[in-house]
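Here's the structure we're looking at; comments come further down.
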Amino acid sequence: EILLPQALRDQEMISQWLTERKGRKVTLTIPQRQAKAELIAMVEENARYELERTQRVADRNQQNSQDLANILDLPEIPRRIEGYDISHIQGSNAVGSQVVFIDGIPAKQHYRRYKIKDVSGRVILMILRVLQKSSTVAFANMQKILIYHDKTIPNFPI
């Protein structure tokens, strides 16, 4: 049984199609009283709340992206942002990590970690190796590349 807030056009045909797909009877019902009608009202209220919450998050992400574009003097808001970090133990056992944000939202399915075996000691070479390994990097389409190195590590060559 599927509860609906209002009747659908071709409701009977949809019910028959769902019945065929499910392999047993599926009914589309518009509740008129008590528990089922209250359930529909609660679903509508929850959907309205979630839509408002999602819109607030989208507005905040849009503003943050605009602020970032202004700070970095970009001609337009960046749609995709990739961040890279190098972790190592005194220059050895290096690992590079990639994080991706699309429209200000973390895109965890694009996160990557790279072992860096053939370059040791120089952080900038490690960063370039990770950028080279990353298949998503298209230097021709990049607006800016920012590289930050923590200078608090004493006697560590860049």
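The values are calculated or read from the model by the stated rules, or taken from the named source; none is laboratory data. Fair warning: this is a prediction, and the values are worked out from it, not measured in the lab. Cβ coordinates were reconstructed from backbone atoms using ideal geometry, including for glycine residues, and neighbour counts include every protein chain displayed.
Gly83 falls short on exactly one of the conditions (1) part of a helix (DSSP H, G or I); (2) within 30 Å of Gln132 (Cα to Cα); (3) among the small types (Gly, Ala, Ser), and that condition is (1). Any residue in region 58-81 that is within 15 Å of Phe101 (Cβ to Cβ) sitting within a Cβ distance under 7 Å of a residue that is surrounded by 10 or more Cβ atoms within 10 Å (Cβ to Cβ) and acidic (Asp, Glu)? List the pairs, counting only those 6 or more apart or interchain. Correct list of pairs: Asn61/Asp103; Arg79/Asp103.
Annotation for region 65-77: at least one member residue is β-branched (Val, Ile, Thr) and closer than 30 Å to Val130 by Cβ.
A Cβ distance below 8 Å, combined with a sequence gap of six or more or placement on separate chains, defines the contacts here; from region 21-47, residues that are assigned to a loop (DSSP other than H, G, I, E, B) reach residues that are among the β-branched types (Val, Ile, Thr) in the pairs Lys25/Thr19; Val26/Ile2; Val26/Thr19; Thr27/Ile2; Pro31/Ile40. Of all residues assigned to region 54-72, at least one qualifies as being modelled with pLDDT of 90 or more and either under 30 Å from Ala7 (Cβ atoms) or touching a strand residue (DSSP E or B) at 6+ places or on another chain (Cβ under 7 Å) (or both). Take the conditions charged (D, E, K, R) and at pLDDT below 90 and apply them to Glu82. Does it pass? Taking the combined requirement at face value, the residue satisfies it. Within region 106-158, the set of residues being under 18 Å from Ile81 (Cα atoms), assigned to a loop (DSSP other than H, G, I, E, B), modelled with pLDDT under 80 and not hydroxyl-bearing (Ser, Thr, Tyr) comprises Val137, Ala138, Met142, Gln143, Lys144, Ile145, Leu146, Ile147. Looking at Ala37, Ala47, Ala41, which one is of a type in the set (Gly, Ala, Ser), closer than 30 Å to Ile105 by Cα and surrounded by 10 or more Cβ atoms within 10 Å (Cβ to Cβ)? Within the list Ala37, Ala47, Ala41, the selection yields Ala47. Any residue in region 59-70 that is assigned to a helix (DSSP H, G or I), exposed (fewer than 11 other Cβ atoms within 10 Å of the Cβ), more than 28 Å from the chain's Cα centre (by Cα) and at negative phi? So far as region 59-70 goes, no, none of its residues is assigned to a helix (DSSP H, G or I), exposed (fewer than 11 other Cβ atoms within 10 Å of the Cβ), more than 28 Å from the chain's Cα centre (by Cα) and at negative phi.
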